[in-house]
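Only one structure is covered here, and it is reproduced in the block below.
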Amino acid sequence: MDRLRNWLLGLSRRNKRLLQVMTDMLLVWLALWLAFVIRLGVDKPVNPFAAHAWLFIIAPIVAIPIFFKFGMYRAVMRYFGKDAFISIFKAVTLSALVLALVVYWYREPPATVPRSLVFIYCWLSLIMIGGLRLAMRQYFIGDWYVASQQVPFINRVSHLPKVAIYGAGAAGSQLVAALRIDRVMLPVAFIDDDAGIVNRVIAGLRVFKPKHIQTMIDQTGAQEILLAIPSASRARRREILELLECFPLHVRSVPGFMDLASGRVKVEDIQEVDVADLLGRDAVPPQKALFERCILGQVVMVTGAGGSIGSELCRQIIASGPTTLLLFEHGEFNLYCIHAELEQRIRNESLPVRLMPTLGSIRNPGRLLDLMRSWKVNTVYHAAAYKHVPLVEHNIAEGVMNNVFGSLHTAQAAVKAGVEHFVLISTDKAVRPTNVMGSTKRLAEMALQALSQESAPALFRGDETVNQVNNTRFTMVRFGNVLGSSGSVIPCFHDQIKRGGPVTVTHPNITRYFMTIPEAAQLVIQAGAMGQGGDVFVLDMGRPVKIAELAEKMIHLSGCTVRSEKDPHGDIAIEFTGLRPGEKLYEELLIGNNVSPTGHPMIMRATEEYLPWETFKVVMAQLFNAVESNDYERVRQLLRETVSGYTPEGEVVDWIHQRRPIESELA
């Protein structure tokens, strides 16, 4: 059977069409002959070919061209749907009517055709031609399982993994059809909350209530559950995942309708459960006026445009009507990727945006100034930074030069070029930091706070006798971890679970705030539009998440159990490796308690201390000299004196200078 199926599928389109035409001719003749038999009876043998041979010649001549006209030979048999069957009904009915006209025009006794014969021929043709196509569709997709389950005493066994579909709506039905065509999984049941369809049969599958999942598993042997609920809110998806967590099932999901409509994914592109669903956090729709205030009709520049946050900022910015978007990025490959993606989107959506991919470093002030002046930049989103805590902890010189002085150079270039809006993407690790990365980000915030209070500052490492007019409105936006960013723990957990574990967590009590990248980028753009100058905005990150509990949920939803003292025979263990250099157990978003609401429910305004510009410049000069001379004790001292709450847990050591003490110990 498989060899015949593959042979038929391998035929050329022309040969497939010829085979269909020949088959339809035979079916038309068979339907016409049976119509005579049914009308005249079997007790009186009749030979319609002798008396009505002309009719058997005319019938296919009438029918086949009409079948062609209605596209019956253009449809792909494997993907036959209701539209194809409607076309068959129209084509067969019309061909029967035309044949009736021919019959009643051509009256030649004694070969008169019975009047009811055409009606019998019509419904026989519908059954044969439509039924054969339905049977061939089932044959080509190889799905005889559903039909066999309706036959008593038959229990067909399939080697495919059995899956239940949560959600019996449009997405669930499409998913079942796609799975049956691809034959990689075997759908065996639906699960749905709608009491009106519970215990009904949809697409040959029984619909179970959520509280009867164990019964469904026992009856069908389901091994996985696929979520087909793209319109459900995050909160509702979280409730469903909490319900499914206690069952030994691998839970995955299908994409949402917007992803399907945009062509980014297909309905059969099944994916692991989005961790954002575990958090149950629903994004607040953006306020259009805020979203466009700093973008619409303006020249916008994004530093770190190829990074996690920078690239998402670019995606959202091009949809808000800028005239030009400057992509400023140090990494060549990252810049290539985001530029290619945005170019494709601009072509597909015919967006009137000019893209300018620019390689460069924020540690090059001349390059920054030339770019901002040449393109007359209106708004800068500064996302370029080193963010990986353990790496920056022992690469101090690079961390300070990039995060502190790179941000300072970018801000001063914006002042010189007359940029109107400057938005710094900051982090919750800047609040009472225990690491170099957090302290450098807090210094970057303080640089902008100090600059924003000066109408005509003498710039750092510039001509002290020249006061630069400052018309730039500086804004800082602070938030926690984003799901799916580079260095995020979530992809690491997925990989460890796929390999069979163990899943590594640094500490049993470590907690973090989480937000999706698109939501973070939307809020950054809106917060940047609300700033008056020197504002520190804090995003509402919701409740902190315990990382160990998150790891457990991900293991359970992968269809595995956690190996522990209570369950030594579990599938995957969780190992605690200890806090990494500079890592905190708990992250905070505010240094003090001076916080006030804004016009956006997810954005708060914080009032925090800072140094005057002239004092800050002195500290920057000392810090620069300390880094240049590799005096990391002095770097540590300056960070502790300047950054409120900075309490390093160990020595401040740069790996590049670690070889010397090691060599002296060996000697």
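Some observations on this one:
- Among the candidates Ala261, Ala305, residue that is small (Gly, Ala, Ser), at pLDDT 90 or above and over 27 Å from Pro601 (Cα atoms): Ala305
- Subset of the stretch 534-560 that is assigned to a helix (DSSP H, G or I) and not hydrophobic (A, V, I, L, M, F, W, C) - its residue that is surrounded by the most Cβ atoms within 10 Å (Cβ to Cβ): His556
- Pro352 passes every criterion in (1) open to solvent by less than 10 Å² (accessible area, probe 1.4 Å); (2) modelled with pLDDT under 95 apart from (1).
- Residues being in a loop (DSSP other than H, G, I, E, B) and either without any contact (Cβ under 8 Å) to a residue 24 or more places away in the chain or of a type in the set (A, V, I, L, M) (or both) are entirely absent from the stretch 512-533.
- The stretch 565-583: number of residues that are of a type in the set (Lys, Arg) and at pLDDT below 80: 1
- Residue in the stretch 309-329 that is in a loop (DSSP other than H, G, I, E, B), touching a Gly at 6+ places or on another chain (Cβ under 9 Å) and either aliphatic (A, V, I, L, M) or open to solvent by less than 20 Å² (accessible area, probe 1.4 Å) (or both) present: yes
- Subset of the stretch 635-654 [part of a helix (DSSP H, G or I) and open to solvent by less than 70 Å² (accessible area, probe 1.4 Å)]: Val635, Arg636, Leu638, Leu639, Thr642
For (1) at pLDDT below 80; (2) under 30 Å from Glu393 (Cα atoms), each residue gets a yes or a no:
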| position | (1), (2) |
| --- | --- |
| Leu557 | yes, no |
| Cys560 | yes, no |
| Arg563 | no, no |
| Leu585 | yes, yes |
| Pro597 | no, no |
| His600 | no, no |
| Arg605 | no, yes |
| Trp613 | no, yes |
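- When Asn364 is tested against the conditions (1) touching a residue at least 24 places away in the same chain (Cβ under 8 Å); (2) over 22 Å from Cys294 (Cα atoms); (3) crowded, with 17+ Cβ neighbours inside 10 Å, the lone failure is (3).
Yes or no, residue by residue, for (1) open to solvent by less than 10 Å² (accessible area, probe 1.4 Å); (2) at pLDDT 90 or above:
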{"residue": "His409", "(1), (2)": "no, yes"}
{"residue": "Ser426", "(1), (2)": "yes, yes"}
{"residue": "Ala430", "(1), (2)": "yes, no"}
{"residue": "Thr434", "(1), (2)": "no, no"}
{"residue": "Leu448", "(1), (2)": "yes, yes"}
{"residue": "Arg473", "(1), (2)": "no, yes"}
{"residue": "Val489", "(1), (2)": "no, no"}
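- Some residue of the stretch 335-349 being among the hydroxyl-bearing types (Ser, Thr, Tyr) and modelled with pLDDT of 95 or more: yes
Yes/no matrix, rows are residues, columns are (1) among the acidic types (Asp, Glu); (2) assigned to a loop (DSSP other than H, G, I, E, B); (3) under 28 Å from the mean Cα position of the chain (by Cα); (4) at positive phi:
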{"site": "Gly172", "(1), (2), (3), (4)": "no, no, yes, no"}
{"site": "Val176", "(1), (2), (3), (4)": "no, no, yes, no"}
{"site": "Arg180", "(1), (2), (3), (4)": "no, no, yes, no"}
{"site": "Pro187", "(1), (2), (3), (4)": "no, no, yes, no"}
{"site": "Phe190", "(1), (2), (3), (4)": "no, no, yes, no"}
{"site": "Asp193", "(1), (2), (3), (4)": "yes, yes, yes, no"}
{"site": "Val198", "(1), (2), (3), (4)": "no, yes, no, no"}
{"site": "Lys211", "(1), (2), (3), (4)": "no, no, no, no"}
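- Selection count, the stretch 106-141, where residues are in a helix (DSSP H, G or I) and modelled with pLDDT of 75 or more: 20
The values are calculated or read from the model by the stated rules, or taken from the named source; none is laboratory data. Predicted, not measured: the structure shown is a model, and the values here were computed from it. All Cβ positions, even for glycine, are placed from backbone atoms using ideal geometry, and neighbour counts span all protein chains on display. Heads up: the accessible areas ignore ligands, DNA and RNA and are worked out on the full protein's heavy atoms, side chains in. Shrake-Rupley method; radii C 1.70, N 1.55, O 1.52, S 1.80 Å.
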